[in-house]
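The values are calculated or read from the model by the stated rules, or taken from the named source; none is laboratory data. Bear in mind that the values here come from a model prediction, so they are computed numbers and not experimental data. Counting neighbours? That spans all protein chains shown, and the Cβs are built from the backbone with ideal geometry, glycine included. Ligands, DNA and RNA are excluded from the accessible area calculation, which covers all protein heavy atoms including side chains. Shrake-Rupley method; radii C 1.70, N 1.55, O 1.52, S 1.80 Å.
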Amino acid sequence: TGIVFGVLFHTAGLILRWYISGYAPWTNGYESLIYIAWAISLAGILIAWNSIGGMAATIAITSIILWIAKLSYLDPEITPLIPVLNSKWLILHVSIVAGSYGFLLLGAILGFINLLLMLMLKEYNKKRLLAIITELSYLGERALMVGIALLSVGTFLGGVWANESWGRYWGWDAKETWALISILVYAFILQLHLIPKLSGLFAYNVAALFGLSSVIMTYCGVNYYLSGLHSFAAGNPMPVPAWVYIILAGLIMTSIGAYQRKKKLNI
(Lines give C-alpha, C1' and ligand atoms only; values in the text may rest on other atoms or scores of the structure.)
Protein backbone atom coordinates (compact mmCIF):
# COMPACT_ATOMS: atom_id res chain seq x y z
CA THR A 1 0.00 0.00 0.00
CA GLY A 2 2.80 2.38 0.91
CA ILE A 3 4.60 1.64 -2.35
CA VAL A 4 1.48 2.28 -4.41
CA PHE A 5 0.89 5.54 -2.54
CA GLY A 6 4.48 6.57 -3.22
CA VAL A 7 4.12 5.86 -6.95
CA LEU A 8 0.84 7.81 -7.08
CA PHE A 9 2.48 10.72 -5.26
CA HIS A 10 5.41 10.57 -7.69
CA THR A 11 2.98 10.50 -10.62
CA ALA A 12 1.16 13.53 -9.25
CA GLY A 13 4.49 15.37 -9.01
CA LEU A 14 5.29 14.63 -12.67
CA ILE A 15 1.83 15.75 -13.76
CA LEU A 16 2.13 18.96 -11.73
CA ARG A 17 5.55 19.72 -13.23
CA TRP A 18 4.10 19.06 -16.70
CA TYR A 19 1.20 21.45 -15.98
CA ILE A 20 3.48 24.22 -14.70
CA SER A 21 6.07 23.98 -17.48
CA GLY A 22 3.65 23.28 -20.31
CA TYR A 23 5.77 20.42 -21.68
CA ALA A 24 6.56 16.80 -20.81
CA PRO A 25 8.85 16.64 -17.75
CA TRP A 26 11.74 14.62 -19.17
CA THR A 27 13.79 17.15 -21.15
CA ASN A 28 16.95 17.50 -19.02
CA GLY A 29 19.14 15.52 -16.63
CA TYR A 30 17.08 16.20 -13.51
CA GLU A 31 13.72 15.52 -15.14
CA SER A 32 14.92 12.37 -16.89
CA LEU A 33 16.20 10.92 -13.61
CA ILE A 34 12.96 11.49 -11.72
CA TYR A 35 11.08 10.03 -14.68
CA ILE A 36 13.34 6.96 -14.79
CA ALA A 37 12.82 6.54 -11.03
CA TRP A 38 9.09 6.59 -11.68
CA ALA A 39 9.49 4.01 -14.45
CA ILE A 40 11.46 1.74 -12.10
CA SER A 41 8.69 1.97 -9.51
CA LEU A 42 6.10 1.14 -12.15
CA ALA A 43 8.23 -1.76 -13.39
CA GLY A 44 8.46 -3.16 -9.86
CA ILE A 45 4.71 -2.99 -9.35
CA LEU A 46 3.95 -4.58 -12.71
CA ILE A 47 6.60 -7.31 -12.62
CA ALA A 48 7.59 -7.99 -9.02
CA TRP A 49 4.50 -7.14 -6.98
CA ASN A 50 4.31 -10.57 -5.33
CA SER A 51 8.06 -10.85 -4.72
CA ILE A 52 9.54 -9.44 -1.53
CA GLY A 53 13.04 -9.44 -3.03
CA GLY A 54 11.86 -7.82 -6.24
CA MET A 55 10.00 -5.05 -4.43
CA ALA A 56 12.94 -4.48 -2.08
CA ALA A 57 15.21 -4.02 -5.10
CA THR A 58 12.66 -1.65 -6.64
CA ILE A 59 12.47 0.53 -3.54
CA ALA A 60 16.25 0.59 -3.12
CA ILE A 61 17.12 1.58 -6.68
CA THR A 62 14.27 4.12 -6.89
CA SER A 63 15.50 5.79 -3.71
CA ILE A 64 19.06 5.93 -5.02
CA ILE A 65 17.98 7.45 -8.35
CA LEU A 66 15.88 10.11 -6.59
CA TRP A 67 18.79 10.86 -4.27
CA ILE A 68 21.11 11.32 -7.25
CA ALA A 69 18.52 13.62 -8.88
CA LYS A 70 18.62 15.83 -5.79
CA LEU A 71 22.39 16.31 -5.91
CA SER A 72 23.47 19.92 -6.26
CA TYR A 73 24.88 19.68 -9.80
CA LEU A 74 21.49 18.77 -11.29
CA ASP A 75 19.37 21.88 -11.62
CA PRO A 76 15.66 21.24 -10.83
CA GLU A 77 14.62 24.65 -12.17
CA ILE A 78 11.81 24.69 -14.74
CA THR A 79 13.11 26.52 -17.82
CA PRO A 80 11.67 27.29 -21.29
CA LEU A 81 11.75 24.38 -23.71
CA ILE A 82 14.41 24.67 -26.42
CA PRO A 83 12.93 24.78 -29.96
CA VAL A 84 14.36 21.43 -31.14
CA LEU A 85 12.43 19.64 -28.38
CA ASN A 86 9.17 21.42 -29.09
CA SER A 87 7.56 18.45 -30.81
CA LYS A 88 4.84 15.91 -30.13
CA TRP A 89 7.52 13.24 -30.54
CA LEU A 90 9.09 14.41 -27.28
CA ILE A 91 6.21 12.80 -25.40
CA LEU A 92 6.36 9.55 -27.34
CA HIS A 93 10.04 8.96 -28.16
CA VAL A 94 11.72 10.21 -25.00
CA SER A 95 9.10 8.85 -22.59
CA ILE A 96 9.25 5.36 -24.10
CA VAL A 97 13.06 5.22 -24.30
CA ALA A 98 13.57 6.64 -20.80
CA GLY A 99 10.87 4.30 -19.51
CA SER A 100 12.75 1.35 -20.98
CA TYR A 101 15.80 2.37 -18.96
CA GLY A 102 13.76 1.86 -15.79
CA PHE A 103 12.95 -1.75 -16.69
CA LEU A 104 16.52 -2.49 -17.82
CA LEU A 105 17.96 -0.96 -14.65
CA LEU A 106 15.63 -3.06 -12.52
CA GLY A 107 16.81 -6.17 -14.36
CA ALA A 108 20.44 -5.20 -13.71
CA ILE A 109 19.84 -4.62 -10.00
CA LEU A 110 18.10 -7.97 -9.67
CA GLY A 111 21.11 -9.52 -11.41
CA PHE A 112 23.45 -7.89 -8.87
CA ILE A 113 21.33 -9.11 -5.95
CA ASN A 114 21.46 -12.62 -7.36
CA LEU A 115 25.26 -12.48 -7.57
CA LEU A 116 25.39 -11.39 -3.94
CA LEU A 117 23.14 -14.31 -3.02
CA MET A 118 25.46 -16.65 -4.91
CA LEU A 119 28.33 -15.41 -2.74
CA MET A 120 26.39 -16.61 0.30
CA LEU A 121 25.71 -20.09 -1.04
CA LYS A 122 26.59 -22.95 1.31
CA GLU A 123 25.68 -26.60 1.29
CA TYR A 124 23.09 -26.11 4.02
CA ASN A 125 21.32 -23.14 2.35
CA LYS A 126 21.88 -24.02 -1.29
CA LYS A 127 18.37 -25.24 -1.97
CA ARG A 128 16.63 -22.23 -0.40
CA LEU A 129 18.91 -19.61 -1.96
CA LEU A 130 18.79 -21.20 -5.40
CA ALA A 131 14.99 -21.00 -5.27
CA ILE A 132 15.21 -17.27 -4.49
CA ILE A 133 17.85 -16.69 -7.19
CA THR A 134 15.71 -18.53 -9.74
CA GLU A 135 12.66 -16.43 -8.83
CA LEU A 136 14.54 -13.13 -9.04
CA SER A 137 16.19 -14.20 -12.31
CA TYR A 138 12.77 -14.91 -13.77
CA LEU A 139 11.53 -11.47 -12.67
CA GLY A 140 14.67 -9.85 -14.06
CA GLU A 141 14.21 -11.57 -17.40
CA ARG A 142 10.63 -10.30 -17.59
CA ALA A 143 11.89 -6.78 -16.87
CA LEU A 144 14.48 -7.06 -19.65
CA MET A 145 11.83 -8.31 -22.10
CA VAL A 146 9.65 -5.27 -21.45
CA GLY A 147 12.71 -3.01 -21.49
CA ILE A 148 14.01 -4.15 -24.87
CA ALA A 149 10.51 -3.92 -26.36
CA LEU A 150 10.15 -0.32 -25.18
CA LEU A 151 13.68 0.55 -26.27
CA SER A 152 13.06 -0.85 -29.75
CA VAL A 153 9.77 1.01 -30.18
CA GLY A 154 11.27 4.22 -28.78
CA THR A 155 14.26 4.01 -31.11
CA PHE A 156 11.93 3.51 -34.09
CA LEU A 157 9.89 6.56 -33.08
CA GLY A 158 13.14 8.48 -32.70
CA GLY A 159 13.82 7.76 -36.36
CA VAL A 160 10.44 9.22 -37.28
CA TRP A 161 11.22 12.34 -35.24
CA ALA A 162 14.67 12.58 -36.88
CA ASN A 163 13.04 12.53 -40.29
CA GLU A 164 10.79 15.43 -39.30
CA SER A 165 13.65 17.42 -37.75
CA TRP A 166 16.64 16.62 -39.94
CA GLY A 167 15.15 15.05 -43.08
CA ARG A 168 16.52 11.54 -42.53
CA TYR A 169 15.40 8.55 -40.46
CA TRP A 170 18.82 7.21 -39.53
CA GLY A 171 22.22 8.86 -39.74
CA TRP A 172 24.46 6.77 -37.48
CA ASP A 173 24.66 9.60 -34.97
CA ALA A 174 26.39 8.49 -31.74
CA LYS A 175 23.10 8.29 -29.81
CA GLU A 176 21.41 6.33 -32.58
CA THR A 177 24.34 3.94 -32.87
CA TRP A 178 24.50 3.23 -29.15
CA ALA A 179 20.73 2.80 -28.95
CA LEU A 180 21.07 0.09 -31.61
CA ILE A 181 23.99 -1.46 -29.73
CA SER A 182 21.89 -1.57 -26.55
CA ILE A 183 19.08 -3.35 -28.40
CA LEU A 184 21.52 -5.92 -29.78
CA VAL A 185 23.15 -6.42 -26.36
CA TYR A 186 19.84 -7.18 -24.66
CA ALA A 187 18.65 -9.31 -27.56
CA PHE A 188 21.78 -11.42 -27.00
CA ILE A 189 21.25 -11.57 -23.22
CA LEU A 190 17.70 -12.81 -23.65
CA GLN A 191 18.94 -15.59 -25.94
CA LEU A 192 21.67 -16.87 -23.61
CA HIS A 193 19.48 -19.81 -22.57
CA LEU A 194 19.89 -21.19 -26.10
CA ILE A 195 23.68 -21.43 -25.70
CA PRO A 196 24.51 -24.59 -23.71
CA LYS A 197 27.54 -23.26 -21.82
CA LEU A 198 25.88 -19.91 -21.10
CA SER A 199 22.42 -21.10 -20.15
CA GLY A 200 22.91 -21.07 -16.37
CA LEU A 201 21.76 -18.58 -13.76
CA PHE A 202 25.26 -17.18 -13.23
CA ALA A 203 25.84 -16.27 -16.88
CA TYR A 204 22.43 -14.65 -17.20
CA ASN A 205 22.78 -12.50 -14.07
CA VAL A 206 26.30 -11.35 -14.97
CA ALA A 207 25.07 -10.43 -18.46
CA ALA A 208 22.02 -8.62 -17.07
CA LEU A 209 24.24 -6.62 -14.71
CA PHE A 210 27.00 -5.63 -17.14
CA GLY A 211 24.62 -5.26 -20.08
CA LEU A 212 23.44 -2.08 -18.39
CA SER A 213 26.78 -0.52 -19.38
CA SER A 214 25.43 -0.15 -22.93
CA VAL A 215 22.47 1.84 -21.58
CA ILE A 216 24.75 3.97 -19.40
CA MET A 217 26.87 4.71 -22.46
CA THR A 218 23.76 5.62 -24.45
CA TYR A 219 22.33 7.78 -21.67
CA CYS A 220 25.47 9.45 -20.27
CA GLY A 221 28.52 8.58 -22.36
CA VAL A 222 27.17 9.84 -25.66
CA ASN A 223 25.98 13.10 -24.09
CA TYR A 224 29.25 14.01 -22.42
CA TYR A 225 32.04 12.15 -24.21
CA LEU A 226 31.11 11.93 -27.90
CA SER A 227 30.23 14.51 -30.51
CA GLY A 228 26.95 14.45 -32.36
CA LEU A 229 23.45 15.84 -32.57
CA HIS A 230 22.60 14.54 -29.09
CA SER A 231 25.85 15.60 -27.43
CA PHE A 232 26.13 18.24 -24.71
CA ALA A 233 29.93 18.36 -24.74
CA ALA A 234 30.72 18.21 -28.46
CA GLY A 235 33.33 15.57 -27.81
CA ASN A 236 35.14 17.42 -24.99
CA PRO A 237 35.43 14.72 -22.32
CA MET A 238 34.72 15.45 -18.67
CA PRO A 239 36.70 13.65 -15.94
CA VAL A 240 35.33 10.26 -14.92
CA PRO A 241 34.64 10.33 -11.15
CA ALA A 242 36.81 8.02 -9.05
CA TRP A 243 33.75 6.33 -7.56
CA VAL A 244 32.88 4.94 -11.00
CA TYR A 245 36.08 2.89 -11.03
CA ILE A 246 35.51 1.80 -7.43
CA ILE A 247 31.98 0.57 -8.21
CA LEU A 248 33.16 -1.19 -11.38
CA ALA A 249 35.93 -2.96 -9.45
CA GLY A 250 33.40 -4.00 -6.81
CA LEU A 251 31.04 -5.43 -9.44
CA ILE A 252 33.85 -7.39 -11.09
CA MET A 253 35.03 -8.79 -7.75
CA THR A 254 31.46 -9.76 -6.85
CA SER A 255 31.08 -11.58 -10.16
CA ILE A 256 34.38 -13.43 -9.73
CA GLY A 257 33.45 -14.44 -6.18
CA ALA A 258 30.03 -15.66 -7.30
CA TYR A 259 31.62 -17.71 -10.06
CA GLN A 260 34.08 -19.32 -7.67
CA ARG A 261 31.24 -20.17 -5.26
CA LYS A 262 29.20 -21.60 -8.13
CA LYS A 263 32.13 -23.70 -9.29
CA LYS A 264 32.90 -24.95 -5.77
CA LEU A 265 29.32 -26.10 -5.19
CA ASN A 266 29.01 -27.41 -8.75
CA ILE A 267 25.73 -25.64 -9.53
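Got a sec? Which of Ile181, Ile189, Ile195 is free of Cβ contacts under 8 Å to residues at least 60 places away in the same chain, open to solvent by 40 Å² or more (accessible area, probe 1.4 Å) and touching a helix residue (DSSP H, G or I) at 6+ places or on another chain (Cβ under 6 Å)?
Working: Ile189 fails: open to solvent by 40 Å² or more (accessible area, probe 1.4 Å); Ile195 fails: touching a helix residue (DSSP H, G or I) at 6+ places or on another chain (Cβ under 6 Å).
Only one candidate qualifies: Ile181.
Scanning for something in a loop (DSSP other than H, G, I, E, B), within 30 Å of Ser137 (Cβ to Cβ), free of Cβ contacts under 8 Å to residues at least 24 places away in the same chain and not aliphatic (A, V, I, L, M), does the stretch 73-82 turn up at least one residue? Give the derivation first.
Restricting attention to the stretch 73-82, the residues satisfying the condition of being in a loop (DSSP other than H, G, I, E, B) are 73-82.
Narrowing further to those that are within 30 Å of Ser137 (Cβ to Cβ): none.
Scanning the stretch 73-82 turns up no residue that is in a loop (DSSP other than H, G, I, E, B), within 30 Å of Ser137 (Cβ to Cβ), free of Cβ contacts under 8 Å to residues at least 24 places away in the same chain and not aliphatic (A, V, I, L, M).
So which of Leu201, Leu150 is within 24 Å of Thr62 (Cβ to Cβ), open to solvent by 50 Å² or more (accessible area, probe 1.4 Å), modelled with pLDDT of 90 or more and not charged (D, E, K, R)?
Leu150
Per-residue answers, yes or no, for (1) over 19 Å from Ser213 (Cβ atoms); (2) out of contact with any Gly (no Cβ under 9 Å at 6 or more places or on another chain); (3) of a type in the set (D, E, K, R):
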| position | (1), (2), (3) |
| --- | --- |
| Gly107 | no, no, no |
| Phe112 | no, yes, no |
| Leu119 | yes, no, no |
| Tyr169 | yes, no, no |
| Asp173 | yes, no, yes |
| Ile181 | no, yes, no |
| Leu194 | yes, yes, no |
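Return the pairs, sorted by first residue and then second, in which the second residue is of a type in the set (Gly, Ala, Ser) and at pLDDT below 85, the first residue lies in the stretch 20-41 and is in a helix (DSSP H, G or I), the beta carbons are less than 8 Å apart, and the residues are 6+ apart or on different chains.
Matching pairs, first to second residue: Tyr30/Ala69; Leu33/Ala69; Ile34/Ala69; Ala37/Ala69.
Restricting the stretch 53-77 to residues that are modelled with pLDDT of 85 or more and β-branched (Val, Ile, Thr), which is surrounded by the most Cβ atoms within 10 Å (Cβ to Cβ)?
Looking at residues that are modelled with pLDDT of 85 or more and β-branched (Val, Ile, Thr), I get Thr58.
If I filter the stretch 149-169 for residues that are acidic (Asp, Glu) and under 19 Å from the mean Cα position of the chain (by Cα), do I get at least one hit? Steps first, please.
Quick first cut of the stretch 149-169, residues acidic (Asp, Glu) only: 164.
Cutting the leftovers down to under 19 Å from the mean Cα position of the chain (by Cα) gives us none.
Checking the stretch 149-169: not a single residue is acidic (Asp, Glu) and under 19 Å from the mean Cα position of the chain (by Cα).
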